[in-house]
Amino acid sequence: MDTTAHSLALLNDIARLLRKRFEQRAQSLGLTRAQWRTLAYLSKNEGIHQGGLAELLEIEPIALVRVLDKLAERSLIERRRHPTDRRIWLLHLRDEVRPLLDEIHALADVTRAEALSGIASARLAEAFDVLSEIKTNLVAACETPIAEKEQKHG
């Protein structure tokens, strides 16, 4: 495997290990991975509708409904009717979830610190720049249609 391919595989491994380590820490919260991810995304997108949140989470809407039902049963979130479209439910965090979100963020901070331990700030800044460029390239590529020839032959 060449260095480029190995680097991209390494990014995937890092993301997987970060999730794994966070999950190890988060077991004490009594939430599933789907639940804490949903809360984390909802905390940054409060008032979003269910379909929009499913899209952000990259899961099927029906799968999200089950997660939201469990969170609502625990009084962590609430669904509110859209003011002009009764078919749409808007999602909001309840006050009861705020301490739990603080714990989730604290666990994420500890996990990040563990992952970045011993790495100089300048090296992290350079890595951030490179990763940002990769993301920019991929965002642009995803917005460009795949040519018919490429679709058939890769």
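The values are calculated or read from the model by the stated rules, or taken from the named source; none is laboratory data. Quick caveat: nothing in here was measured; it's all calculated off a predicted structure. Cβ atoms come from the backbone with ideal geometry, glycine included; neighbour counts cover every protein chain shown.
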Completion exercise
Pairing a residue in segment 95-116 that is closer than 16 Å to residue 78 by Cα and in contact (Cβ under 8 Å) with a residue 60 or more places away in the chain with any residue that is hydroxyl-bearing (Ser, Thr, Tyr) and not in a helix (DSSP H, G or I), where Cβ atoms lie under 8 Å and the two sit 6 or more apart in sequence or on different chains, gives none
Exercise for the section: Return a yes/no flag: does segment 55-77 have any residue that is at pLDDT 95 or above, part of a strand (DSSP E or B) and either loosely packed, with under 13 Cβ neighbours inside 10 Å or not basic (Lys, Arg) (or both). Expected result: yes
Practice task
Name every residue in segment 78-102 that is under 24 Å from residue 20 (Cα atoms), over 15 Å from the mean Cα position of the chain (by Cα) and surrounded by 16 or more Cβ atoms within 10 Å (Cβ to Cβ), in order of residue number.
Solution key: 97, 100
Fill in the blank from the handout: In segment 3-48, anything in contact with a Phe, Trp or Tyr (Cβ under 8 Å, 6 or more places away or on another chain) and buried (at least 16 other Cβ atoms within 10 Å of the Cβ) is listed as 26
Problem - Residues of segment 103-139 classified as surrounded by 11 or more Cβ atoms within 10 Å (Cβ to Cβ), among the charged types (D, E, K, R) and under 25 Å from residue 40 (Cβ atoms), total - result: 3
